[in-house]
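Enquirer: First the structure, which I've put down as structure tokens, then a few questions once you've had a look.
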Amino acid sequence: MKLITTSALLTALLLPLAATAQNTSGLKQALTFHASFDKGLDADFSRGDKACLQRTSKGNVPAVLNEELKLVSDGGRFGGGLHFMKKGGTQPRFKDVGVLNYNATNWSASVSVWLKLDPDKDLASGYCDPVQIVGDDTKKGFIFMEWSKDDMPRHFRFAIRPLEQIWNPNKLDWAKMTDAQRPAVNLPRAPFSREAWTHAVFTLENVNDKAKKPVGRLYLNAKLMGSIENWDLTLGWNPDAVQLVLGASYVGHLDDLAVFNRALTDAEVKVLNGLKNGARELHP
């Protein structure tokens, strides 16, 4: 019988811990924002403003829960989470400064979120965007994940729409465009259901950089689903106006929103997807 020494046993136990720490070190350094939605709408961690806001006719004000948006204490992917009950005007949002760090010369970032719904049964008619990045004018740029409005089953997309004169100079109808005409990843079928959470991550790399190739990628459950490449992805936003927006016409559950200051690698998306306690494990 081969005996295992104490030192060998300790090494066997510590190696996986060391590997995990190494795998998450880059994610921890890149994390700029995390909202667990365990106890409220405000972020748990942010390198900018933690406050969750709601747009009104008088400007942005602190967001509040209502009949359209509930906080479910034990209904999230990790602890509590948000439940958008019905299509409405409640769209929680967070200011960009320190979070997305948008700039006009070279912008890279990643956004991670968990979603649970049956798009064909839960969503009302029309477009539905669980996550958007918006600026002062959608003609100057618009980044979003969406479900299409008329298809059955509903198509799921990730889009980076740059300056309108770049991607749509003839002002064509978005719904009537072919996949090749849209700066988007289009999925006729995507793994969403009421029974299981789906992890969605999109990455942005070298946006607004005149010398480097820009690219956007969409991951679902740690699998690369497609890329937005060979497009001029120049945006024209006023940096002070950029916001991260949730729940535009969305009906379903949403949890564990996280933002990173660069494009995550395939391997890092897998690590993020496998965290037992979500992005809270990455807090400094």
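Enquirer: Condition first: buried (at least 16 other Cβ atoms within 10 Å of the Cβ), in contact with a strand residue (DSSP E or B) (Cβ under 7 Å, 6 or more places away or on another chain) and not in a strand (DSSP E or B). Now tell me which residues in the range 76-92 satisfy that.
Expert: Gly76, Arg77, Phe78, Gly80, Thr90, Gln91, Pro92
Enquirer: Moving on to the next point. I'm trying to understand the selection: among the residues of the range 32-59, which are out of contact with any helix residue (DSSP H, G or I) (no Cβ under 7 Å at 6 or more places or on another chain), part of a strand (DSSP E or B) and surrounded by 15 or more Cβ atoms within 10 Å (Cβ to Cβ)?
Expert: Correct list: Thr32, Phe33, Ala35, Phe45, Ser46, Leu53, Gln54, Arg55.
Enquirer: With the requirement that a residue be in contact with a Cys (Cβ under 6 Å, 6 or more places away or on another chain) and surrounded by fewer than 22 Cβ atoms within 10 Å (Cβ to Cβ), what does the range 231-278 give you?
Expert: Ser249
Enquirer: Would you confirm, using the coordinates I've provided, whether Ala51 is modelled with pLDDT of 95 or more and within 19 Å of the chain's Cα centre (by Cα)? Don't jump to the end; show me each part of the working.
Expert: Numbers: modelled with pLDDT of 95 or more: yes; within 19 Å of the chain's Cα centre (by Cα): yes.
So Ala51 passes the test.
Enquirer: Condition check: within 23 Å of Ser227 (Cβ to Cβ), among the hydrophobic types (A, V, I, L, M, F, W, C) and crowded, with 22+ Cβ neighbours inside 10 Å. Does Val131 satisfy that?
Expert: Considered against the rule, which asks whether it is within 23 Å of Ser227 (Cβ to Cβ), among the hydrophobic types (A, V, I, L, M, F, W, C) and crowded, with 22+ Cβ neighbours inside 10 Å, Val131 comes out as yes.
Enquirer: Kindly check whether there is at least one residue in the range 77-98 that is over 28 Å from Gly26 (Cβ atoms), of a type in the set (Val, Ile, Thr) and in contact with a Phe, Trp or Tyr (Cβ under 9 Å, 6 or more places away or on another chain).
Expert: yes
Enquirer: For the range 67-97, name all the residues that are β-branched (Val, Ile, Thr) and either closer than 26 Å to Asn277 by Cα or under 16 Å from the mean Cα position of the chain (by Cα) (or both).
Expert: Hit for the range 67-97 is Val72, nothing else.
Enquirer: Another question, then. Restricting attention to the range 173-193, which residues are within 23 Å of Gly274 (Cβ to Cβ) and not aliphatic (A, V, I, L, M)?
Expert: Pro191, Phe192, Ser193 - these are the residues of the range 173-193 that are within 23 Å of Gly274 (Cβ to Cβ) and not aliphatic (A, V, I, L, M).
Enquirer: Hey, could you check the range 175-222 for residues that are in contact with a helix residue (DSSP H, G or I) (Cβ under 9 Å, 6 or more places away or on another chain) and of a type in the set (D, E, K, R) and say which is surrounded by the fewest Cβ atoms within 10 Å (Cβ to Cβ)?
Expert: By that ranking, first place goes to Arg194.
Enquirer: Taking the criterion of being buried (at least 21 other Cβ atoms within 10 Å of the Cβ), in a loop (DSSP other than H, G, I, E, B) and touching a Leu at 6+ places or on another chain (Cβ under 8 Å), would at least one residue in the range 104-114 satisfy it?
Expert: no
The values are calculated or read from the model by the stated rules, or taken from the named source; none is laboratory data. For clarity, every value in this text was computed on a predicted model and none was experimentally measured. Note that each Cβ is placed from the backbone with ideal geometry, even for glycine, and that neighbours are counted across all protein chains shown.
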